[in-house]
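Handing you a structure now.
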Amino acid sequence: MGKIDANPVEHVGQAVEKAVEDIGAYIREQREGAQVSLRQLARLAGVSNPYLSQVERGLRKPSAEILQQIAKGLRISAEVLYVRAGILEERPASAVTDAVLADLELSERQKQVLLDIHQSFRRENEHSAQSQAAQNQSVQNHPPRDLIGERRAVPARPSALFPETER
């Protein structure tokens with residue numbers, strides 16, 4: 001039999017610690033990849049060097065506002081940082097999502113609105129496709145009676161349909 005956790009609160013606490021460490025490591029990885037020093041990023045994000053260092057080492061959990069400033073300093077999407085920090089749920093990837101997130105001319109708010117609209121259209125199309133599939137399945141399971149071999153009353157001669165043709 002499986003072992004049941006004696007303290008679920010402790011389990012949640014460990015998950016939060018892991019997320020904090022992950023976001024810090026991710027920020028460090030992005031900073032190093034962009035060849036930006038800790039001091040430069042701290043200045044761009046409007047935080048102190050020691051605070052940013054603590055975030056990168058997983059000792060502090062940054063707020064959504066700080067994550068947005070860090071994202072701006074790294075020139076990456078704040079949404080990516082929010083997902084990594086567990087603030088947002090991950091969205092399915094698509095070419096449209098990638099393009100919107102990569103557009104440096106849009107603000108984070110504009111990106112969010114565009115992605116929300118795009119996602120609502122996708123959900124609507126998915127719902128329509130599911131409805132159509134259910135309707136098609138219903139027709140397959142219960143075809144119209146004249147298609148399954150029932151006899152129809154057919155006139156014996158064309159004149160019964162068109163009396164004016166008989167002379």
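Name the pairs: first residue in the range 62-81 and in the same structural domain as S37 (by TED's automatic domain parsing) and among the basic types (K, R), second residue surrounded by fewer than 20 Cβ atoms within 10 Å (Cβ to Cβ) and not in a helix (DSSP H, G or I), Cβ to Cβ under 8 Å, at least 6 apart or on different chains?
Pairs that qualify, where the first residue is in the same structural domain as S37 (by TED's automatic domain parsing) and among the basic types (K, R) and the partner is surrounded by fewer than 20 Cβ atoms within 10 Å (Cβ to Cβ) and not in a helix (DSSP H, G or I), are R75/A34; R75/L104.
Please note which helices (runs of 4 or more DSSP H) are completely contained in the range 1-110 and include at least 2 residues that are at pLDDT below 95 and under 30 Å from R122 (Cα atoms).
On the way: elements: 8-33, 38-45, 49-56, 64-74, 78-85, 95-102.
In the range 1-110, the matching helices (runs of 4 or more DSSP H) lie at 8-33, 64-74, 78-85, 95-102.
Continuing with the same structure: Residues in the range 115-122: is at least one small (G, A, S) and either modelled with pLDDT of 60 or more or part of a helix (DSSP H, G or I) (or both)? Walk me through it before giving the result.
Let us first name the residues in the range 115-122 that are small (G, A, S), namely 120.
Then keep just the ones that are either modelled with pLDDT of 60 or more or part of a helix (DSSP H, G or I) (or both); that gives 120.
Yes: the range 115-122 contains one or more residues that are small (G, A, S) and either modelled with pLDDT of 60 or more or part of a helix (DSSP H, G or I) (or both).
Would you check which residues across the range 74-88 are over 19 Å from the mean Cα position of the chain (by Cα) and closer than 11 Å to I27 by Cα and list them?
Start the filter on the range 74-88 by keeping residues that are over 19 Å from the mean Cα position of the chain (by Cα), which leaves 74-75.
The one that is over 19 Å from the mean Cα position of the chain (by Cα) and closer than 11 Å to I27 by Cα: L74.
The values are calculated or read from the model by the stated rules, or taken from the named source; none is laboratory data. Computed from a prediction, not measured in an experiment: that's the story for all the values here. Heads up, the Cβs are rebuilt from the backbone with ideal geometry, glycines too, and the neighbour counts pull from every protein chain shown.
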